[in-house]
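Some notes on the structure that comes next.
Throughout, read-outs are computed from the coordinates displayed, never taken from laboratory work. Note that this is a predicted model, so its numbers are computed, not measured. No Cβ is skipped: glycine too gets one built from the backbone with ideal geometry, and neighbour counts run over all protein chains shown.
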């Protein structure tokens, strides 16, 4: 029930370059998992508030005081392409 | 040297504190064992090559600690079991680890895990599967399989893991040791490479309940760097007590019915009988939405993971696959760097959050979550603690479930509900079935860790489980 076109669409959203084999396998595996998960559609859930925070914390803020953050050289230490004090990346291209 | 390995962490800390044992000697005893593991259990992704330079001080002074790969440890590889972070050395250390180092523990090594904490068998690591010290043809459980195997085999006196849907408790059960998932928010997640932010929690793997209490005590507390962390009310007590008089235990029908292997069920029922002999009252109860917890979890966790793993794109750290353009770099880097299970869950999560599907999937799953939490709250009005088997089966064979994601997900059926509700839960070994360890799970309301540990301790002492066979 999640077909090839949907898999390709979701893969694009997820920025994954799946191989043809993977697309086919993903369609099968995800369909099987979703078939099972779908059972939650059978529940009566009208008026039930969704939980996003299981132990509720409200307004966990700290004082708005500037403080030093990561030094630039440390931040760039693991960069695949440190470039002019920043992270070098390929151009987005003419899209 | 083997007698040093037989000391519990608490005993070792006391001896080092008294001056009767040198921290360096204890560290070296474990370091040699951990370094020699290699492919035997494949429990470690990194082992220290020397004892720490400074003599540690503090209540845990000198007891070495193994830490799951996904905890950032400054200057030491922290890879979350993934090729996309292979060799990555963070510029900072996770709060949970920093607190324990401040209390005196020393970093022995980083342990192998399922990639990005996604798995129940430690077969999803980019660095090879971990094996169960009780039977090397079997899995140790996951995702914290390396930490569990290390403690069970006596390669580390204790270890840190993380639990999102059962990833501490289930491997603890399969490896015959103690594993605890705390109340959500009790331990800071700062520096834990994230899987699912509303579920992830750090916790201890230990040989006994006293060690778990000791480690937990030094991990809890609010951290301004994690806005979901909470101030822990009071101090975690070290357990004492000789009976369970006055303790009301509830046995949820939905989590103790079909699907539990017969050997696991026998051990479970025997432990219930033991609890009654120790003075507890034991009655069945209902958690009506528990059968839907797994389905909700396998929507919520992958959805959160799809957001958390978006940062792995080849830009700032980790693997980069060169491509003609930016989009190509993103998609090819992620394709090359993520394993099959991670890709599956990213896809599932992305789908569940995508336009047109959000309400039916993620939205509904969050509503189911509310009902699961409500069910526990209602049960805790009648009972002090609820008990279940930790895992429906003992350790299964390597390769047995890799081709059937759904069968693998079902390993978590007894542990996921507590994760959704954010309540603390502990697994203790309560016997063997065909020579393989069985785990018994206790859970309680939020912030009931001391009560949980107290009851677990009494049972542990009465059960007298001997895990030394795995420590050869």
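Here are the numbers for this structure:
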item	result
Relative counts (whole %) of C-alpha pair distances in region B:163-221, using bins that are 5 Å wide	4, 21, 28, 26, 16, 5
Column: log10 I(q)/I(0), Debye, Cα scatterers of region B:18-162, q = 0.13 Å⁻¹	-0.51
Reciprocal of mean inverse Cα separation for the protein assembly as shown (Kirkwood radius, Å)	23.8 Å
C-alpha center-to-center spacing [region B:75-107, region B:129-194] in angstrom	16 Å
FRET efficiency for residue A:1 and residue B:281, using Cβ-Cβ distance with R0 set to 51 Å, rounded to 0.05	0.60
For chain A, radius of gyration divided by Kirkwood radius, i.e. Rg to Rh on alpha-carbons	1.15
Exposure proxy ranking, count of Cβ atoms within 10 Å, fewest first, for B:168, B:187, B:423, A:55	A:55, B:423, B:187, B:168
Neighbour-count ranking [beta-carbon atoms within 10 angstrom, fewest first] of A:18, B:216, B:160	A:18, B:216, B:160
Cα centroid of region B:243-303 to Cα centroid of region A:67-95, whole Å	51 Å
Shielding of B:279-292 by partner chains, average beta-carbon count, 10 Å	1
Average projected area [Cα convex hull, region B:169-305], square nanometres	10.1 nm²
Range of Cα positions in region B:285-355 per principal axis (Å), largest first	59, 25, 19
nm² value of the averaged projected area, convex hull over the Cα atoms of chain B	20.8 nm²
Extension gain from residue B:136 to residue B:40, taking 0.36 nm per residue of separation minus the Cα-Cα distance	33.8 nm
Region B:343-396: Cα Rg divided by the 2.2 N^0.38 Å rule of thumb	1.64
Two-site label geometry, residue B:434 and residue B:225: point separation in nm, points 7 Å out along Cα→Cβ	4.5 nm
Neighbour-count order for B:108, B:41, fewest beta carbons within 10 angstrom listed first	B:41, B:108
Stretchable slack from residue B:307 to residue B:2, in nm (0.36 nm times residue separation minus alpha-carbon distance)	105.2 nm
Ratio of Rg to Rh over region B:341-472 (Cα coordinates, Kirkwood Rh, two decimals)	1.04
Largest to smallest principal axis extent of the C-alpha atoms in region B:109-252, angstrom	42, 39, 33
Structure-based [θ]222 nm, chain B - -39500 (n - 2.57) summed over DSSP H runs of at least 4, per residue, nearest 500	-10500 deg cm²/dmol
